[in-house]
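Let me begin by presenting the structure, written as structure tokens, before commenting on it.
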Amino acid sequence: MALVPIFFFSLCFTLCFAGNVSYDSRSLIINGERKLLISAAIHYPRSVPAMWPELVKTAKEGGVDVIETYVFWNVHQPTSPSEYHFDGRFDLVKFINIVQQAGMYLILRIGPFVAAEWNFGGIPVWLHYVNGTVFRTDNYNFKYYMEEFTTYIVKLMKKEKLFASQGGPIILSQVENEYGYYEGAYGEGGKRYAAWAAQMAVSQNTGVPWIMCQQFDAPPSVINTCNSFYCDQFKPIFPDKPKIWTENWPGWFQTFGAPNPHRPAEDVAFSVARFFQKGGSVQNYYMYHGGTNFGRTAGGPFITTSYDYEAPIDEYGLPRLPKWGHLKELHKAIKLCEHVLLNSKPVNLSLGPSQEAEIYSDASGGCVAFLANIDDKNDKTVEFQNVSYKLPAWSVSILPDCKNVVYNTAKVTSQTALVEMVPDNLQQKDDSKALKWEVFMEKAGIWGEPDFMKNGFVDHINTTKDTTDYLWYTTSIVVGENEEFLKEGRHPVLLIESMGHALHAFVNQELQGSASGNGSHSPFKFKNPISLKAGKNEIALLSMTVGLQNAGSFYEWVGAGLTSVMIKGFNNGTVDLSHFNWIYKIGLQGEKLGIYKPEEVNSVSWVATSEPPKKQPLTWYKVVLDPPAGNEPVGLDMLHMGKGLAWLNGEEIGRYWPRKSSVHEKCVTECDYRGKFMPDKCFTGCGQPTQRWYHVPRSWFKPSGNLLVIFEEKGGDPEKITFSRRKMSSICALIAEDYPSADRKSLQETGSKNSNSRASVHLECPQNAVISAVKFASFGTPSGKCGSYSEGECHDPNSISVVEKACLNKTECAIELTEENFNKGLCPDLTRRLAVEAVCS
């Protein structure tokens, strides 16, 4: 008998997905039922298979219905059109199956151009070198290979029965990506290509609708969708299409050397509430988990290895609080309204110059209201149905019964947290033994045989074809003994111009200096005094890419590498080396031999040392070590290194570069959520390394004997490299008496407010932890933020004891702001708050 419910569950689970996906002007219709859907972007190559189940679970716990991912063409066909790769973190089918097992839908954005701050926009580099190819226009070669790949992916999905029409989770597919921004640059060819892409996609007969985002002339066979920070005012081209938001950006990407753009949780929630207020039906967070650009997958150029994106789930897989929790509460509130929203027409009511209500009423008597204050400076009190409601500036209140506020976008009721990177020194099990470092030195310039020689310069990318970041440009110059700078002890000046991205200059095997562009401007100039000797001098210039262009009109033609090299300061003036005979070498010796792989590590003669060299350029370091203690996520702390690449057990951690970010006038300690967000509105981390820690997935570690390999380009201190464990050190909450207190569960079950509900603080520890201490608690007028709360003039001295009684030794707890708990006679004319900080262990 025990087998019966298992069989029934399996059968039911399959049937839940089997069915038809259609749509009308209001929503998607799945199995005949209208759906209001919250979607979350999680890109399978930006995490590892061991993380996928927990990421999907955390998204579902956050109130998400759908997982969205691109399909990354260049990871599946990296070197030629005849080979396909779907192993490891590129196992698309496994990822989709995990989503289905969680009982969630999936949006598959095949593209296959994706942009996504991903190297070359996701298109394989080899395609650029198929003669006569032009990307993303009416070009035979591009369309041929694009259709071939799209068809392969669709057939793979059909084979695995993953489309909803087959009982699978895929409810939407996307072709192309944000082409409307660039179509005009391609003229009539662009128009023909966009129409062809839609026709090609629809002809695949997937049984689910196709979408095209930011496609301003999409044909009626597909649904055009919106990508932006705000899409409440978006309208589909055709009146029979639902309003879909494919990319709501809850943060933004980072580039090496730039500060961190910060989008507050209150503004993200505001944008989502406004979208559903104005008739939206599907909303997707890009990103919900950003993850990591492992190896050399980051694009840009200059996109960081971290693709954290300040998303609701952080790079390491932990919920980002309060953003994750605040949006979870929003999703609950919206879901209370789903039936009425999808089965009625809205009525708009003005409540003031910048205040309005959207009211939805269905035939059964259900009523939903959104009260919005789009004034970005002033709080307002509005009258709605003879009741006064306080609306903070730039906020939306949600009333699932047109009476009770269950949520306001500006009032964060969910807990926040302090997350720390706790150092864990590199070690072996036998702590009495020092780590055994070994080093291998690259030669500055030509190693082995030259690849070729040429008078003048070649384009870096056309030469390497992105098989490596590195290209050596080398030449020599003979200095006569009569040069004045030799007699006077002066230094001539090396002048270099490059299209990008970065450069290290060596003269006679000695590093003379480095230079680079940045995320907004790849070209750069190098100007540095150099040391020359009488006689022959070797000039070796290591040119580097830092990810390839990932978007833009004709972006595949954007080059990199040297355009001019001169030396100033000779008796006869400036010597132009640009047309000298240059010798070229692609890549590094250690890279070519694969010495970062366990099976190839002994391809060179390593030199053992108890004290690895510091500040030494072009150096490979390797060490065997044990994993960090515990089970928390791990980051590699590279603060004291220069720039380079890192691997663990042959797995590509990625590019590291703790380049300090620029100081910007818009850098703040706390961002004002009010008003429209743009990436340059609010920065944090100015003057700090853009990226200090580099994610190393736990699943990459063995119980012992882990091989860590580092290639350092310009010099650092490897003995200061540490692993750090990402831990939640404190959980906090700050709630005021006027925060929404309606009981959502009661509203859902009975449609009426539970009169006993009060605003309350909710605290919850991570899995397998309990609240072990209360560091701060104050009911009254506390101020500050998590980690730095302070008591105000009004304070209930019993606050800590009340919180300790409710919370100590519990996984989670709730403290209501009631007379039974606190002195309600305290400062009666003020809106009182409760602030709490607790420790989980």
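The values are calculated or read from the model by the stated rules, or taken from the named source; none is laboratory data. Computed from a predicted model, the values in this text were never measured in an experiment. Note that we place each Cβ from the backbone using ideal geometry, even for glycine, and neighbour counts take in every protein chain shown. We work out accessible area using only protein heavy atoms, side chains counted, and drop any ligands, DNA or RNA first. Shrake-Rupley method; radii C 1.70, N 1.55, O 1.52, S 1.80 Å.
Residues in segment 545-563 that are in contact with a His (Cβ under 9 Å, 6 or more places away or on another chain) and surrounded by 23 or more Cβ atoms within 10 Å (Cβ to Cβ): T545, V546, G547, A560, G561, L562. Looking at (1) crowded, with 17+ Cβ neighbours inside 10 Å; (2) in a strand (DSSP E or B), which is the one condition that is false for V458? Among (1) crowded, with 17+ Cβ neighbours inside 10 Å; (2) in a strand (DSSP E or B), V458 violates only (2). When segment 638-658 is filtered for residues that are among the aliphatic types (A, V, I, L, M) and part of a loop (DSSP other than H, G, I, E, B), the ones remaining, listed by number, are M638, L639, M641.
Taking the criterion of being under 17 Å from I735 (Cβ atoms) and either in a loop (DSSP other than H, G, I, E, B) or among the β-branched types (V, I, T) (or both), the only residue of segment 390-403 that qualifies is P392.
For segment 74-98, a residue qualifies if it is in contact with a Gly (Cβ under 8 Å, 6 or more places away or on another chain) and closer than 18 Å to L162 by Cβ, and exactly one does: I96.
Within segment 706-729, the set of residues being crowded, with 21+ Cβ neighbours inside 10 Å and part of a helix (DSSP H, G or I) comprises just one member, P718. Screening S760 with (1) open to solvent by less than 30 Å² (accessible area, probe 1.4 Å); (2) modelled with pLDDT under 95; (3) over 27 Å from E61 (Cβ atoms); (4) not aliphatic (A, V, I, L, M) gives one miss only, at (3). Within segment 585-619, how many residues turn out to be open to solvent by less than 30 Å² (accessible area, probe 1.4 Å), farther than 24 Å from P703 by Cα and outside any loop (DSSP other than H, G, I, E, B)? Matching residues across segment 585-619 total 3. When I6 is tested against (1) part of a helix (DSSP H, G or I); (2) closer than 21 Å to G167 by Cβ; (3) modelled with pLDDT of 95 or more; (4) of a type in the set (V, I, T), only condition (3) is not met.
List every residue pair whose Cβ atoms lie under 9 Å apart, where the two residues are 6 or more positions apart in sequence or sit on different chains, the first residue falls within segment 180-192 and is more than 15 Å from F142 (Cα to Cα) and touching a residue at least 40 places away in the same chain (Cβ under 8 Å), and the second residue, located anywhere, is part of a helix (DSSP H, G or I) and among the small types (G, A, S). If the second residue must be part of a helix (DSSP H, G or I) and among the small types (G, A, S), the pairs left are Y182/G190. Just one of the numbered conditions (1) open to solvent by 50 Å² or more (accessible area, probe 1.4 Å); (2) under 30 Å from V623 (Cα atoms) is not true of A444: (1).
State which residue is farthest from N809 (Cα to Cα) when the search covers only segment 766-782 and only residues that are surrounded by 21 or more Cβ atoms within 10 Å (Cβ to Cβ) and among the small types (G, A, S). Out of the qualifying residues, it is G780. Applying the condition of being within 16 Å of P312 (Cα to Cα) and among the small types (G, A, S) to segment 23-73 and asking which residue is surrounded by the fewest Cβ atoms within 10 Å (Cβ to Cβ) yields G63. Strands (runs of 3 or more DSSP E) fully within segment 495-558 that include at least 3 residues being touching a Phe, Trp or Tyr at 6+ places or on another chain (Cβ under 7 Å) and among the polar types (S, T, N, Q): none found.
Here segment 78-128 is the region considered, the condition is being over 26 Å from T545 (Cα atoms) and part of a loop (DSSP other than H, G, I, E, B), and the residue that is least open to solvent (accessible area, probe 1.4 Å) is M104.
A quick yes/no check of all residues on (1) of a type outside the set (S, T, Y); (2) open to solvent by 40 Å² or more (accessible area, probe 1.4 Å); (3) under 30 Å from S306 (Cβ atoms):
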position	(1), (2), (3)
R192	yes, yes, no
Q214	yes, no, yes
A218	yes, no, no
V222	yes, no, no
T225	no, no, yes
W252	yes, yes, yes
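Of the residues screened, V64 is not one that is touching a Gly at 6+ places or on another chain (Cβ under 8 Å), of a type outside the set (D, E) and part of a loop (DSSP other than H, G, I, E, B).
Can you say whether I171 is over 19 Å from the mean Cα position of the chain (by Cα) and not in a loop (DSSP other than H, G, I, E, B), as far as the supplied structure shows? Walk me through how you get there before you give the answer.
Numbers: over 19 Å from the mean Cα position of the chain (by Cα): yes; not in a loop (DSSP other than H, G, I, E, B): yes.
Yes, satisfied.
Residue-level analysis places T133 outside the set of residues that are among the hydroxyl-bearing types (S, T, Y) and assigned to a helix (DSSP H, G or I). Checked against the criterion of being farther than 27 Å from F253 by Cα, touching a strand residue (DSSP E or B) at 6+ places or on another chain (Cβ under 8 Å) and at pLDDT 95 or above, segment 73-89 has no qualifying residue.
Given P627, P612, which one is over 30 Å from P529 (Cβ atoms) and not charged (D, E, K, R)? Working first, answer last.
Working: P612 fails: over 30 Å from P529 (Cβ atoms).
The conditions single out P627.
Residues in segment 462-494 that are part of a strand (DSSP E or B), open to solvent by less than 50 Å² (accessible area, probe 1.4 Å) and closer than 26 Å to K533 by Cα: how many? Summing the residues that are part of a strand (DSSP E or B), open to solvent by less than 50 Å² (accessible area, probe 1.4 Å) and closer than 26 Å to K533 by Cα in segment 462-494 gives 10.
One line per residue, one yes/no per condition, for (1) under 18 Å from T413 (Cβ atoms); (2) not basic (K, R):
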residue	(1), (2)
N768	no, yes
V774	no, yes
G792	no, yes
E812	yes, yes
I815	yes, yes
K824	no, no
L834	yes, yes
V839	no, yes
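Under 29 Å from the mean Cα position of the chain (by Cα) and buried (at least 24 other Cβ atoms within 10 Å of the Cβ): does that describe A197? Here the answer is yes, as A197 does meet what is asked.
Can you tell me how many residues in segment 129-141 are open to solvent by less than 70 Å² (accessible area, probe 1.4 Å) and either out of contact with any Leu (no Cβ under 9 Å at 6 or more places or on another chain) or free of Cβ contacts under 8 Å to residues at least 40 places away in the same chain (or both)?
9
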